[in-house]
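One structure is given here, and the rest of the page talks about it.
The values are calculated or read from the model by the stated rules, or taken from the named source; none is laboratory data. Keep in mind the model is a prediction, meaning the values are calculated, not measured. Cβ sites come from the backbone with ideal geometry, for glycine too, and all protein chains shown count toward neighbours. Calculation scope for accessible area: heavy atoms of the full protein, side chains included, ligands and nucleic acids excluded. Shrake-Rupley method; radii C 1.70, N 1.55, O 1.52, S 1.80 Å.
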Amino acid sequence: MDTSFLTLADLAQLLRTHGLLSEKTTLSPAASELPICGADCDSRVVEPGHLFVCKGASFKPAYLAGAREKGAQAYLCDEGHADELAACEPSLPALIATDVRPAMAQVAAAAWGHPDRSLATVGVTGTKGKSTTTYMLRAILDGQEPYSSCGLVGSIETFDGVSSQESLNTTPESPDLYRYLAHMRDSGLRYALMEVSSQALKYNRVDALGLDIACFLNIGRDHISPLEHPTWEDYFASKLRIFDQAKQAVVNLGSDHLDEIMAHAKQCERVVTFSTNDPTADIYAHDIESTMGFVSFTCRTPSWEGSITLTMPGLFNVDNALCAIAAAELLGVPYEQTAEGLARTKVPGRMELIPTPDRKIAGIIDFAHNKMAFEKFFPSIKEEFPGHRIIAVFGATGDKAVERRHELPQVAAKYADELIFTKDDPGHEKVEDICHEMAESTPAGVPYEIVPDRREAVRRAVELAYEGDGPAVVCVLARGTEGVQHENGGFTPAPLDADLFQDAVRSYLAAHPQTAE
């Protein structure tokens with residue numbers, strides 16, 4: 001549907017078709033003919049001719065007033081807010097939905113002109129590895145010209161052809177998502193690469209989105225809490241919904257619960273599989289080797305077989321690379337372009353290797369923050385950095401995913417020589433309380449320290465690394481490129497872990513010049 005001819009009546013009919021239009025909706029003949037050329041749920045980005053979506057338990061009528069002042073033609077709300085908003089803004093026509101979340105997605109897709117239909121759209125989901133996989137695929141598809149072909153929506157960065165910005169959510173709300181996709185289309189980009197979170201799938205953020213390829217990396221137990229998914233079954237079911245709107249599927253044969261994943265994937269027109277240990281997979285890796293930050297392997301696909309090198313540590317990144325290779329295969333990318341793209345992929349805050357001037361120690365910054373990620377991360381570091389002591393700095397979030405504060409120290413203790421517990425999004429809880437819970441779950445005999453301030457915790461880790469015997473790896477985990485801490489009911493700016501590590505190294509070497517000699 002061409003947005004230049006889209007009217008409020010068209011959107012009302014769309015909602016009616018999906019059983020989402022409330023009987024409370026009444027449109028005058030004049031309101032019915034109002035043209036709509038976009039949709040927003042943030043009053044700060046509203047443009048003239050847009051529909052504004054009123055959502056959320058904390059929604060305030062002042063937001064709608066701000067949207068009207070910026071030129072919103074009409075608004076969408078649920079039945080619970082209808083009377084209050086009509087009294088506050090009687091001059092604005094309203095679409096009233098029986099369920100505002102799926103209604104918002106359907107309306108946003110239509111109001112922005114279904115931009116996904118003009119792009120090759122790839123969605124990646126999984127408990128871990130989404131960011132790395134999308135960055136790998138972007139490097140492959142962009143070729144030698146970064147930002148030339150691919151838009152990106154993920155937990156690290158959002159690039160839509162108009163601007164690049166730090167992401168707030170892994171997958172944004174549907175009006176924001178379709179705005180980004182419209183910018184990609186209008187900027188002449190060819191591909192849209194997306195991380196698709198379980199929350200996005202559960203709460204309808206990607207409803208109406210057509211995926212050319214849906215990638216399923218893995219599934220583990222995470223995000224189980226009253227604030228996220230009440231049960232693991234709810235989490236898994238949400239993840240599986242990605243196949244409902246995809247033409248083609250990419251599936252990791254090494255994933256847990258493979259039978260259920262494949263059963264859902266087979267509703268797609270084509271399923272491509274990948275594996276590091278099952279040679280029957282469509283995309284298969286063998287002769288895998290890793291040394292001091294480089295991973296190499298031989299890959300076989302239906303169209304080629306050749307060597308692949310990853311310039312980042314982490315044996316588990318082979319799975320992420322195979323997923324990217326599978327998507328590239330479906331998109332018709334040749335071997336040479338695929339291999340070159342993977343060789344130059346760098347992912348901020350994901351297995352980010354930071355050497356030091358004297359090479360005695362190295363830092364690794366990674367987003368690993370749950371049991372599954374830790375079970376992949378630590379064995380790989382142990383194997384890839386033989387003879388190195390491992391010092392791990394991490395915390396656990398407050399208010400949610402409580403199991404992490406018990407599981408993470410238990411996993412890390414199997415591999416690390418020293419654990420340092422510190423701040424990581426404590427929310428409404430005290431950092432010290434979370435750290436003490438982690439300490440109580442640490443196996444007896446494993447050295448640990450509690451250093452609530454994250455800067456001091458990294459500084460202490462660097463000190464331990466330099467003052468111990470032999471080379472060491474300092475692993476600063478769970479935050480990656482996150483530049484804010486969630487605490488005391490709000491968000492406060494926080495330095496990046498990579499900067500904390502480099503600052504700590506500089507300070508230590510300045511205070512101990514003989515170390516650097």
* To do: Within the set of other residues whose C-beta is less than 10 Å from the C-beta of LEU331, count the net charge using Lys and Arg as +1 and Asp and Glu as -1.
  => -1
* To do: Report the label-to-label distance for ALA439 and SER148 in nanometres (one decimal), using points 7 Å from each Cα along the Cα→Cβ vector.
  => 5.5
* Distance from region 328-349 to region 247-264 (C-alpha centre basis), Å -> 22
* Percent antiparallel among DSSP beta bridges (both partners in the chain, rounded to 5) -> 35
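Hey, any idea what % of region 438-481's accessible area is carbon plus sulfur with a 1.4 Å probe? Mind dumping the intermediate values first?
Values: 820 of 1730 Å².
With neighbouring chains kept in place, the figure for region 438-481 is 47 percent.
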* Asked: Which value in nm describes the separation of the simple spin-label points at ARG117 and VAL402, placed 7 Å from the Cα toward the beta carbon?
  -> 4.8
* To do: For the chain, give the magnitude of the charge dipole about the Cα centre (Cβ charges: +1 Lys/Arg, -1 Asp/Glu; no others), in debye to the nearest 20.
  => 460
* **List THR134, THR231, THR311, ordered by accessible area with a 1.4 Å probe, largest first** => THR231, THR311, THR134
* **Listed residues VAL458, LEU342, THR515: farthest to the positive end of the dipole of the chain (Cβ charges)** => LEU342
* How high is the relative contact order of the chain, in percent, with contacts defined as C-alpha pairs under 8 Å that are six or more residues apart? -> 10
* **Of the chymotrypsin sites (Phe, Trp or Tyr not before Pro) in region 460-513, those whose Cβ has at most 11 other Cβ within 10 Å and which sit in DSSP loop** => none
* Among bridges DSSP assigns within region 347-498, what percent are antiparallel (round to 5)? -> 30
* Select from LEU14, TYR63, ALA97 the residue farthest towards the positive end of the dipole of region 1-97; place +1 on Cβ of Lys and Arg, -1 on Cβ of Asp and Glu, and compute about the Cα centre. => TYR63
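Using the scaling law 2.2 N^0.38 Å as the reference, what is the normalised Cα Rg of region 277-389?
Working: Rg = 14.8 Å, N = 113, 2.2 N^0.38 = 13.3 Å.
Ratio of Rg to 2.2 N^0.38 Å for region 277-389: 1.12.
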* Structure fact -> Counting only Cβ distances under 4.7 Å between cysteines, those in the chain with no partner are CYS37, CYS41, CYS88, CYS150, CYS215, CYS268, CYS299, CYS323, CYS435, CYS475
* Can you give the angle from 0 to 90° between the axis of helix 8-17 and the longest principal axis of the chain, with both taken from C-alpha atoms, to the nearest 10? -> 70
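Given a 1.4 angstrom probe, I'd like the percentage of the accessible area of region 1-129 that is carbon and sulfur, rounded to a whole number. Walk me through the numbers on the way to the answer.
On the way: 2820 of 5510 Å².
On region 1-129, the fraction of accessible area on carbon and sulfur atoms equals 51 percent.
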* Counting other Cβ atoms within 10 Å, keep those with at most 14, restrict to DSSP loop, and tell me which chymotrypsin sites (Phe, Trp or Tyr not before Pro) in region 135-239 are left. => TYR147
* Asked: Any idea how far the Cα center of region 36-69 sits from the one of region 455-483, in Å?
  -> 45
* Expressed as an acute angle from 0 to 90° and rounded to the nearest 10, what is the orientation of the C-alpha long axis of helix 130-142 relative to the principal long axis of the chain? -> 80
* Asked: Considering the values [x] 1.00; [y] 0.96; [z] 1.10, which represents Rg/Rh (Cα atoms, Kirkwood Rh) as calculated for the structure under consideration?
  -> [x]
* To do: Return one number: the angle in degrees, 0 to 90 and rounded to the nearest 10, between the long axis of the Cα atoms of helix 454-467 and the longest principal axis of the Cα atoms of the chain.
  => 20
* Asked: Considering only DSSP states other than H, G, I, E and B, which trypsin sites (Lys or Arg not before Pro) in region 175-279 qualify as loop sites with at most 13 other Cβ atoms within 10 Å?
  -> LYS266
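How would ASP212, ASP186, ASP222 rank on accessible area, largest to smallest, probe 1.4 Å?
Details: ASP212 35, ASP186 110, ASP222 0 Å².
Ranked from most to least accessible, the order is ASP186, ASP212, ASP222.
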* Asked: Modelled label-to-label distance, SER32 and ASN277, 7 Å Cα→beta-carbon offset: nm?
  -> 6.3
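Keeping the other protein chains in place, figure out the carbon and sulfur percent of the accessible area of region 142-283, with a 1.4 Å probe. Display every interim value, and only then the final one.
Working: 2560 of 5620 Å².
For region 142-283, the apolar C and S fraction of the accessible surface comes to 46 percent.
Can you give me the accessible area per residue for the chain, using a 1.4 Å probe, in Å²? Each step should come with its number before you reach the end.
Details: 20690 Å² over 517 residues.
Counting only protein heavy atoms, the per-residue value for the chain is 40 Å².
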* Using only alpha carbon pairs under 8 Å that are at least six residues apart, calculate the relative contact order of region 284-426 and give it in whole percent. => 18
